[in-house]
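Quick notes on the structure that follows.
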Amino acid sequence: MARWLKQGAQAEVVKAAAREVRDTVEKTLLMIEERGDEAIRELSIRFDKLERESYRLTDAEIDQCLGQLSERDIKDIEFAQAQVRNFAQQQRATLLDLEVETLPGVILGHKNLPVNAAGCYVPGGKYPLLASAHMSVITAKVAGVPRVITCAPPFNGKPAPAIVAAQHLAGADEIYCLGGIQAVGAMALGTNSIRPVDMLVGPGNAFVAEAKRQLFGRVGIDLFAGPTETLVIADESVDGELCATDLLGQAEHGPDSPAILLTTSEQLANDTLAHIERLLQILPTAPIARTAWEAYGEIIVAESQDEMLAIANDLAFEHVQVMTKDPDWFLTHLRNYGALFLGPRTNVSYGDKVIGTNHTLPTKKAARYTGGLWVGKFIKTCTYQKVLTDEASALVGEYCSRLCALEGFAGHGEQANIRVRRYGHRDVPYAGRVE
């Protein structure tokens, strides 16, 4: 049976924090819905310390942001975006329209149609997370979304040049300098100056995630997301320094980001703990990483590979990094995860920033029922049908009539009966059974 050398926060603590966030978001969204642009400006001044006449960036402001980046910066952004775009295009190519004759004269099909407008949230209050622009805007554009708008909070009191450049180069149609609940609420509900969207995507803090959850139904969302989660599955084939680096590299996301080592090696577990303490003395983001590690970090020692598999499937974490002798065994057998990172040569940071897969991924066990953001999230698969012959309509109509009678749906039945009478030339009584 597995043993926990270190455990994280208790469930009740997490629930109490979630209740406070939920109540704040509910009040704020109501404020935005009732007062529109006035509320957006008030919230932006209060939380982001930014007051503007319009929160949409002008072409001149976008050019000014681009001008603040070096040629190397631009080329690095373009490289990352090329990887994301290429993988998204390959994914889009797998989504095929369908048309098939299922019975003589009966044609069924589906079309893959993009949503009309998407709103992409790009977090950037604490760090200018430009990678989120690649992941959302490019993916939406590859899916064929005609209007893609973006919101990112100001960084140090003004639009973050790198984020603005990433949004622009990715193809955003409208770029707003707005953060938090006010950004998500404005995109979903609309104001006098911001037309509403059909879908919200992108990661964010607890307030952004809760706002998306409360708005779901009025608009579509990519997924329910919480703090970044990282699970490192490792055995004695790797060392504690590598494991510690990869755990703390994700713990720096925020003070509530869980990071877990799952291993069959108690020596590796202890070595990892020692390296974590060493790295926390020198890591520039140690204040955040230490808070996350002390509150939510865990070390689990399992008795076997099969037990590690069972624990990993139960955790259903966002990021699962596998550094074992045979990482492909987990690729074959693991079922619940947001994204897999296989072998010591890769890591979660590659996926977060540049390698091409999408970094907007399910958390809080949502990996049990959904994957992460991809072109398919922006696409509606809509069915259609057509009946080409009188004989086909009469044949289907006879079955439909009898089935409607079993359910007591007389009006539905008559829709079938009238076609049996017209196209099958049979005397079927109103809402009656076909004998």
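Things worth noting here:
- Among the residues of the range 317-340, none is identified as in contact with a Gly (Cβ under 7 Å, 6 or more places away or on another chain), open to solvent by 20 Å² or more (accessible area, probe 1.4 Å) and assigned to a loop (DSSP other than H, G, I, E, B).
For every residue, the table says whether it meets (1) open to solvent by less than 70 Å² (accessible area, probe 1.4 Å); (2) modelled with pLDDT under 95; (3) more than 13 Å from V232 (Cβ to Cβ).
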position: A269; (1), (2), (3): yes, no, no
position: L280; (1), (2), (3): yes, no, yes
position: L283; (1), (2), (3): yes, no, yes
position: I299; (1), (2), (3): yes, no, no
position: E303; (1), (2), (3): no, no, yes
position: E307; (1), (2), (3): yes, no, yes
position: A312; (1), (2), (3): yes, no, no
position: L315; (1), (2), (3): yes, no, no
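- Which listed residue, of Q83, Q89, is under 20 Å from A143 (Cα atoms), touching a helix residue (DSSP H, G or I) at 6+ places or on another chain (Cβ under 7 Å), assigned to a helix (DSSP H, G or I) and of a type in the set (S, T, N, Q): Q89
- When I74 is tested against (1) out of contact with any Cys (no Cβ under 7 Å at 6 or more places or on another chain); (2) in a helix (DSSP H, G or I); (3) buried (at least 23 other Cβ atoms within 10 Å of the Cβ), exactly one condition is not met: (3).
- Only one of the listed residues (T228, T272) is part of a loop (DSSP other than H, G, I, E, B) and of a type in the set (S, T, Y). That residue is T228.
- Only residues that are touching a helix residue (DSSP H, G or I) at 6+ places or on another chain (Cβ under 6 Å) and either free of Cβ contacts under 8 Å to residues at least 12 places away in the same chain or open to solvent by less than 70 Å² (accessible area, probe 1.4 Å) (or both) were counted in the range 374-397, giving 6.
- A292 buried (at least 21 other Cβ atoms within 10 Å of the Cβ), assigned to a helix (DSSP H, G or I) and touching a helix residue (DSSP H, G or I) at 6+ places or on another chain (Cβ under 6 Å): yes
- Restricting attention to the range 47-62 and to residues that are in contact with a helix residue (DSSP H, G or I) (Cβ under 9 Å, 6 or more places away or on another chain) and in a helix (DSSP H, G or I), the residue that is least open to solvent (accessible area, probe 1.4 Å) turns out to be I62.
- Unique match (being of a type outside the set (G, A, S) and assigned to a helix (DSSP H, G or I)) among K386, K377, K364: K377
- From N347, N358, residue being within 16 Å of the chain's Cα centre (by Cα) and in contact (Cβ under 8 Å) with a residue 12 or more places away in the chain: N358
The values are calculated or read from the model by the stated rules, or taken from the named source; none is laboratory data. Computed from a prediction, not measured in an experiment: that's the story for all the values here. Every residue, glycine among them, receives a Cβ derived from its backbone with ideal geometry; neighbour counts consider all protein chains shown. Ligands, DNA and RNA are excluded from the accessible area calculation, which covers all protein heavy atoms including side chains. Shrake-Rupley method; radii C 1.70, N 1.55, O 1.52, S 1.80 Å.
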